[in-house]
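First the structure, in the form of structure tokens, and then the observations on it.
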Amino acid sequence: MKIGRLRVVGGVLLLAVVLPGCSAESASPAAAAALKVSTPAFTEGAAIPKKYVCARQGGQDVSPPLDWSGVPESARELAIVVNDPDAPGGTYIHWIVTGIPVSETSVREGRAPGKVLPGSNGRAAYSGPCPPGGVHHYHFIVYALPSPIKPSGDAKAVHQQIKDAAITSGETVGTWGS
């Protein structure tokens, strides 16, 4: 009986020594709290209004407004990436914006608060949802970066550079399709 108690006490002491190293205070920058991202245009997980989709599907191809909060003090720049991981050929990048000042807390409809880079279609512009079939999920992601990036490669490579450099990120997701 005493040996069983000793093992329990020893296990608890071991946890008391190991767990402090796993606390939030000692977490790496990449594990920082996520940004909160939202849009007044649609609710999380809901259908994206037609205005923000491609012209081929009756939309105006205009970017929706976005709001964010929780940018860490260590951030020096923000970036936005909009992607569709449900695309037939793999993740399709609809919009990449870099060079956003950390003082910004939103982007207005149809505006880019920084430098727009080419997406998967090769154009440096917002490209609204335009799935060939089925319902797709569109991730509107805001990244906090510790320094400006020097983008190189195609849209997927630039997105990976942004993800690799990010201190933290946050997103809101909308759907479109039938």
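The values are calculated or read from the model by the stated rules, or taken from the named source; none is laboratory data. This is a predicted model, so every value here is computed, not measured. Cβ placement follows ideal geometry from the backbone for every residue including glycine, while neighbour counts extend to all protein chains displayed.
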(request) Would you check if Gly128 is among the small types (Gly, Ala, Ser) and on the phi < 0 side of the Ramachandran plot? (result) yes
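Is at least one residue of segment 37-53 within 22 Å of Asp164 (Cβ to Cβ) and crowded, with 16+ Cβ neighbours inside 10 Å? It would help to see each step written out before you state the result.
In the first step, residues of segment 37-53 are kept if they are within 22 Å of Asp164 (Cβ to Cβ); the result is 37.
Keeping just the survivors that are crowded, with 16+ Cβ neighbours inside 10 Å gives 37.
For segment 37-53, residues within 22 Å of Asp164 (Cβ to Cβ) and crowded, with 16+ Cβ neighbours inside 10 Å: present.
Just to be sure I understand, how many residues within segment 145-178 are assigned to a strand (DSSP E or B), in contact with a Phe, Trp or Tyr (Cβ under 9 Å, 6 or more places away or on another chain) and of a type in the set (Gly, Ala, Ser)? I'd like the intermediate steps shown before the answer.
Within segment 145-178, the first condition is being assigned to a strand (DSSP E or B), and the residues that meet it are 145, 168-177.
Filter again for in contact with a Phe, Trp or Tyr (Cβ under 9 Å, 6 or more places away or on another chain), leaving 168-176.
Imposing the further condition that a residue be of a type in the set (Gly, Ala, Ser) reduces the set to 169-170, 174.
Within segment 145-178, residues that are assigned to a strand (DSSP E or B), in contact with a Phe, Trp or Tyr (Cβ under 9 Å, 6 or more places away or on another chain) and of a type in the set (Gly, Ala, Ser) number 3.
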(request) Under 6 Å between Cβ atoms, at least 6 apart or on separate chains: pull out the pairs that start in segment 87-100 with a residue that is under 19 Å from His136 (Cα atoms) and end on any residue that is assigned to a strand (DSSP E or B). (result) Thr91/Asn83; Tyr92/Asp84; Ile93/Asn83; His94/Val82; Trp95/Val82; Ile96/Val81; Ile96/Leu117
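Kindly provide the set of residues from segment 74-83 that are within 15 Å of Ala157 (Cα to Cα) and not polar (S, T, N, Q), ordered by number.
Ala79, Ile80, Val81, Val82
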(request) Select from segment 111-144 the residues that are in a loop (DSSP other than H, G, I, E, B), exposed (fewer than 15 other Cβ atoms within 10 Å of the Cβ) and touching a Ser or Thr at 6+ places or on another chain (Cβ under 6 Å) and list them in ascending order. (result) Asn121
(message) Among the residues in segment 100-116, are any in contact with a helix residue (DSSP H, G or I) (Cβ under 9 Å, 6 or more places away or on another chain) and either modelled with pLDDT under 95 or farther than 18 Å from Thr43 by Cα (or both)?
(response) no
